[in-house]
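Reviewing the structure listed below.
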There are 2 protein chains.
Amino acid sequence: MDGLETRELRYFVAVAEELHFGRAAERLAIAQPPLSRAIQQLERRLGVTLLERDRRGVALTPAGATMLAEARLALDAVDAVVRRTRRAAAPTPGLVLTTKAGASHELLKRLLDAYAQRPDAVDVDVLLCEVGGQRGLLRDGSADVALVHSPYDVLTGLETATLQTEGQVAIVPGAHPLARRTRLTLAEVSDVPDLPIARWPRHDGTYPPGPGPEVRTQSQLAQLVALGRTLLVIPGSSRAWQWPEHVAVPVVDAPEVTTLLAWPAGVRPAALEGLVDTATHLA
Amino acid sequence: MDGLETRELRYFVAVAEELHFGRAAERLAIAQPPLSRAIQQLERRLGVTLLERDRRGVALTPAGATMLAEARLALDAVDAVVRRTRRAAAPTPGLVLTTKAGASHELLKRLLDAYAQRPDAVDVDVLLCEVGGQRGLLRDGSADVALVHSPYDVLTGLETATLQTEGQVAIVPGAHPLARRTRLTLAEVSDVPDLPIARWPRHDGTYPPGPGPEVRTQSQLAQLVALGRTLLVIPGSSRAWQWPEHVAVPVVDAPEVTTLLAWPAGVRPAALEGLVDTATHLA
DNA sequence: CCCCTTGATACCGGTGCGGTATCAGGCCTG
DNA sequence: CAGGCCTGATACCGCACCGGTATCAAGGGG
């Protein structure tokens with residue numbers, strides 16, 4: 001009765017994302033007719049209409065939208081089986097730690113150095129990723145553990161160990177009037193006409209409204225900051241963001257930022273215990 | 001190159017659990033030779049030895065043990081796709097709440113009554129389960145939300161909303177000397193020769209050592225308590241455990257027990273918001 | 001020593017997946 | 001209004017692969 005195959009899930013996800021059988025089939029490198037048939041079989045087996053075949057296109061039903069979200073999770077879980085099993089089979093299993101490019105290197109270096117002193121230490125590969133990409137890498141088994149920042153990163157579903165908590169600073173061009181201040185408030189930095197705060201895409205890919213430039217990657221943002229075109233509020237320890245021609249001014253009422261080690265709830269590699277233990281005992 | 005099918009995962013889990021190709025094949029309702037071949041193909045595709053075929057039996061390699069744990073999670077995720085999709089397609093989607101049999105009915109009733117008053121309320125089915133069974137039901141999509149007790153239940157990977165916090169009481173036969181006490185300590189109840197505390201199985205199915213009787217279900221325990229053969233420390237509100245011929249004595253230094261609403265991190269049904277909202281605003 | 005039990009190998013047949021060819025309906029365009 | 005063409009659905013076919021039966025190879029025990 002039940003027992004879907006991952007092939008069916010992959011096919012459905014392709015159609016649900018493309019909302020077009022032809023393009024989905026192309027993406028899957030199969031012909032369109034077998035794909036149509038497979039989706040029909042899937043709907044028949046579930047007893048659920050997943051797609052509304054309107055003239056000129058395909059739309060998701062509410063059940064289809066649920067299935068899309070769940071299917072993505074399940075496919076990630078299947079990928080994780082392969083990745084984690086392969087990793088566990090390596091001669092020296094090691095750990096993969098992922099972090100945003102541009103996060104505080106010093107803290108990470110201190111953690112890794114301290115961990116390397118342990119007798120049970122294993123190799124730790126560091127995998128840099130885009131902003132917010134850590135969750136996905138943990139979920140599909142590409143990484144074992146991540147360095148994340150609360151409240152910037154979403155922590156749901158992850159177990160965590162706190163590394164440090166710190167205030168935030170505003171990064172201002174040295175020539176700007178604000179650079180002479182010794183302290184700032186969020187209200188002051190949120191409304192600087194000639195230095196609007198950059199806007200990041202939301203989860204659905206759209207941008208919130210506002211005057212600031214739209215950015216998608218750390219390097220885009222770095223360029224704008226270096227050009228003196230935008231204002232940045234970041235944890236005080238993010239030295240990678242601080243150039244000689246800029247000034248870091250504490251923002252006294254910005255929320256504290258906590259740097260944490262995070263890993264998926266559930267099964268965890270044995271070697272992770274040592275790293276977490278090191279993290280919790282880091283001065 | 002990669003892209004496992006759930007069939008392969010099911011086959012591997014069967015063999016890894018039975019540690020015997022013949023029995024695993026029987027469980028899967030197929031013959032033994034295709035199963036041997038499928039596992040060999042799996043190992044070849046992964047490039048990993050999962051099983052050590054010793055004469056007289058099969059043993060898991062470390063990579064195989066990792067794969068078993070990950071495969072169970074992945075298969076649960078695939079089951080969850082089916083269950084949640086079917087549930088989302090129902091005419092009136094509703095919610096499934098799971099709780100241990102014997103937990104405080106009153107609180108749950110108050111919660112459900114308050115929720116039913118909301119204009120956006122949907123039907124809530126209550127699914128009773130064994131001790132600790134809530135996690136599995138949430139993971140494989142059989143339930144949307146669970147009533148759990150911290151620190152009794154493991155909460156990793158779940159999002160939660162606190163319902164209430166309370167002290168614990170010891171349930172003692174009325175004729176027992178301890179029944180005349182107005183308060184007790186953990187030290188006092190942990191070593192009562194004629195009323196040893198019952199032992200629950202650990203996650204691997206074995207029992208911790210100790211003098212108390214071994215129990216596996218709530219009803220076994222209930223019988224022992226009713227017979228006056230064991231002593232019980234439970235949250236004060238668990239009225240289902242309190243008979244006229246027993247006395248509830250507060251245990252002053254027992255850890256506080258928090259009753260929480262818990263649901264899997266990740267996608268959640270729209271209707272869940274209302275229930276969580278009701279829970280957080282419950283007096 | 002023989003037999004039984006273990007998992008692996010050999011071979012064969014049927015199911016079902018994926019391919020090509022084609023159809024059915026709606027929208028544009030000329 | 002007719003003809004393209006775009007959509008997804010249907011028809012049919014071949015082959016890969018899954019699963020079945022029969023058998024083998026290797027130990028361990030009575």
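The values are calculated or read from the model by the stated rules, or taken from the named source; none is laboratory data. Note that the structure is a prediction, hence the values are computed from the model and not measured. Methodologically, a virtual Cβ is constructed for each residue, glycine included, from the backbone with ideal geometry; neighbour enumeration extends over all protein chains shown. What goes into the accessible areas is simple: the full protein's heavy atoms, side chains included, and nothing from ligands, DNA or RNA. Shrake-Rupley method; radii C 1.70, N 1.55, O 1.52, S 1.80 Å.
Could you tell me what percent of the DSSP beta bridges with both partners in chain B are antiparallel, to the nearest 5? Kindly include the intermediate steps, with their values, before the conclusion.
Values: 26 of 38 bridges.
Here the antiparallel bridges make up roughly 70 percent for chain B.
Given the rotation that superposes chain B on chain A, what residue of B brings its beta carbon nearest the axis, and what is the distance in Å?
Taking the axis that maps B onto A, the answer comes out as B:Ala77, 2.
Select from segment B:34-52 all residues whose loss of accessible area on going from the chain by itself to the full protein assembly reaches 50 Å² or more (probe 1.4 Å).
B:Leu46
With every protein chain kept in the model, how would you rank A:Thr85, A:Thr165 by accessible area, 1.4 Å probe, largest at the top?
Ranked list, largest accessible area first: A:Thr165, A:Thr85.
Treating the beta-carbon of each Lys and Arg as +1 and of each Asp and Glu as -1, no other charges, what is the dipole magnitude of chain A about its Cα centre, to the nearest 20 debye? Don't jump to the answer; show the numbers that get you there.
Details: 30 positive and 33 negative charges, 124 e Å.
With only Lys, Arg, Asp and Glu charged at Cβ, the dipole is about 600 debye.
Going from most exposed to least, what order do B:Phe12, B:Phe21 have by accessible area with a 1.4 Å probe? If you can, show how the numbers build up before the last one.
Details: B:Phe12 0, B:Phe21 30 Å².
Ranked from most to least accessible, the order is B:Phe21, B:Phe12.
List the residues of segment A:60-102 whose backbone N lies under 18 Å from a point placed 7 Å from the Cα of B:Glu5 along the Cα-to-Cβ direction.
A:75, A:78-79, A:82
With every protein chain left in place, what is the accessible area of A:Glu52 in Å² (1.4 Å probe, nearest 10)?
Per-residue accessible area (A:Glu52): approximately 100 Å².
Give the interface area between chains A and B as buried accessible surface, both sides summed, probe 1.4 Å, in Å² to the nearest 100. If you can, show how the numbers build up before the last one.
Numbers: alone 15630 and 15670 Å², together 28150 Å².
In total, chains A and B hide about 3100 Å² from solvent.
Taking the Cα-to-Cβ direction at B:Ala179 and at B:Asp123 and moving 7 Å from each Cα, how far apart do the two end points lie in nm?
4.5 nm
Which one, B:Pro269, B:Thr182, B:Pro211, projects farthest toward the positive side of the charge dipole computed for chain B from Cβ point charges (K/R +1, D/E -1)?
Checking the options against the dipole of chain B, the answer is B:Pro211.
Could you give the dipole magnitude of segment A:149-283 about its Cα centre, charging the beta-carbon of Lys and Arg +1 and that of Asp and Glu -1, in debye to the nearest 20?
Working: 9 positive and 13 negative charges, 70 e Å.
Dipole size: approximately 340 debye.
Go through B:Gln242, B:Pro201, B:Gln220 and say which Cα lies farthest out towards the positive end of the charge dipole of segment B:168-251; charges sit on Cβ, +1 for Lys and Arg, -1 for Asp and Glu.
Towards the positive end, the residue furthest out is B:Gln242.
Shortest first and in nm with one decimal, please list how far the A:Thr49 label point sits from its counterparts in the other copies (point 7 Å along Cα→Cβ).
Taking the point 7 Å beyond Cα along Cα→Cβ, the inter-copy spacings are 5.5 nm.
Is the shape of chain B rounded, prolate or oblate, going by the alpha carbon gyration tensor and its root eigenvalues a ≥ b ≥ c, with a/c under 1.5 for rounded and a/b larger than b/c for prolate? It would help to have the intermediate numbers written out before the result.
Numbers: a/c = 2.84, a/b = 1.42, b/c = 2.01.
Oblate shape, in that a/c is at least 1.5 and b/c is the bigger or equal ratio.
Rounded to the nearest 500, what is chain A's calculated 222 nm mean residue ellipticity when only DSSP H runs of at least 4 contribute -39500 (n - 2.57) each, over all residues?
Values: 9 runs with 105 residues, N = 283.
For chain A, the value works out to -11500 deg cm²/dmol.
Any chance you could look up the accessible area of A:Ser190 with a 1.4 Å probe, heavy atoms only, rounded to 10 Å²?
80 Å²
Leaving out ligands and nucleic acids, and using a 1.4 Å probe, what accessible area per residue does segment A:6-85 come to in Å²? Write down the numbers at each step before the final one.
Numbers: 3850 Å² over 80 residues.
For segment A:6-85, the solvent-accessible area averages 48 Å² per residue.
Over chain B, with a Gaussian network built from C-alpha contacts below 10 Å, which listed residue (B:Ala187, B:Ala170, B:Ala248) shows the highest mean-square fluctuation?
B:Ala187
If you filter segment B:123-184 for trypsin sites (Lys or Arg not before Pro), then keep DSSP loop positions with at most 12 other Cβ within 10 Å, what is left? Kindly include the intermediate steps, with their values, before the conclusion.
Values: sites: B:Arg135, B:Arg139, B:Arg180, B:Arg181, B:Arg183; in loops: B:Arg181, B:Arg183.
Hits after loop and neighbour filter: B:Arg183.
Need the C-alpha centroid separation for segment A:136-190 versus segment B:70-139, integer Å.
Rounded to whole Å, the Cα centres lie 36 Å apart.
How far is A:Leu19 from itself in the other copies, in nm, if each label sits 7 Å out from Cα along the Cα-Cβ line, shortest first?
Copy-to-copy label distances at A:Leu19, shortest first: 5.3 nm.
Provide the solvent-accessible area of A:Tyr115, counting protein heavy atoms only and rolling a 1.4 Å probe, rounded to the nearest 10 Å².
0 Å²
Go through segment A:56-87 and flag every residue whose accessible area shrinks by 50 Å² or more with all protein chains in place compared to the isolated chain (probe 1.4 Å).
Residues losing area: A:Glu70, A:Val78, A:Val81, A:Val82, A:Thr85, A:Arg86.
In nm, what does the list of distances from A:Ala101 to its counterparts in the other copies look like, shortest first, when each label sits 7 Å along Cα to Cβ?
5.8
How about segment B:7-102: which trypsin sites (Lys or Arg not before Pro) there lie in a loop by DSSP and see at most 14 other Cβ atoms within 10 Å? Intermediate values should be presented prior to the final figure.
Numbers: sites: B:Arg7, B:Arg10, B:Arg23, B:Arg27, B:Arg37, B:Arg44, B:Arg45, B:Arg53, B:Arg55, B:Arg56, B:Arg72, B:Arg83, B:Arg84, B:Arg86, B:Arg87, B:Lys100; in loops: B:Arg55, B:Arg56.
Passing both the DSSP loop test and the Cβ count: B:Arg55, B:Arg56.
In whole Hz, with x marking every Gly and Pro, tabulate ³J(HN,Hα) for segment B:119-135 from phi via Karplus 6.51 cos²θ - 1.76 cosθ + 1.60, θ = phi - 60°.
The phi angles translate into x, 9, 5, 10, 4, 10, 8, 9, 10, 6, 9, 5, 4, x, x, 4, 4 Hz.
Which value, in debye to the nearest 20, gives the size of the charge dipole of the protein assembly as shown about its Cα centre, when Lys and Arg are +1 and Asp and Glu are -1 at the Cβ?
Details: 60 positive and 66 negative charges, 218 e Å.
So the dipole magnitude of the protein assembly as shown works out to roughly 1040 debye.
All other residues with a Cβ under 15 Å from the Cβ of B:Glu256 taken together, and with Lys, Arg as +1 and Asp, Glu as -1, what is their net charge? Intermediate values should be presented prior to the final figure.
Values: positive: none; negative: B:Asp153, B:Glu166, B:Asp253.
Taking every Cβ under 15 Å from that of B:Glu256, the sum is -3.
Give me the percent of the accessible area of the protein assembly as shown that comes from carbon and sulfur atoms, probe 1.4 Å, all protein chains in place.
Exposed carbon and sulfur together represent 54 percent of the surface.
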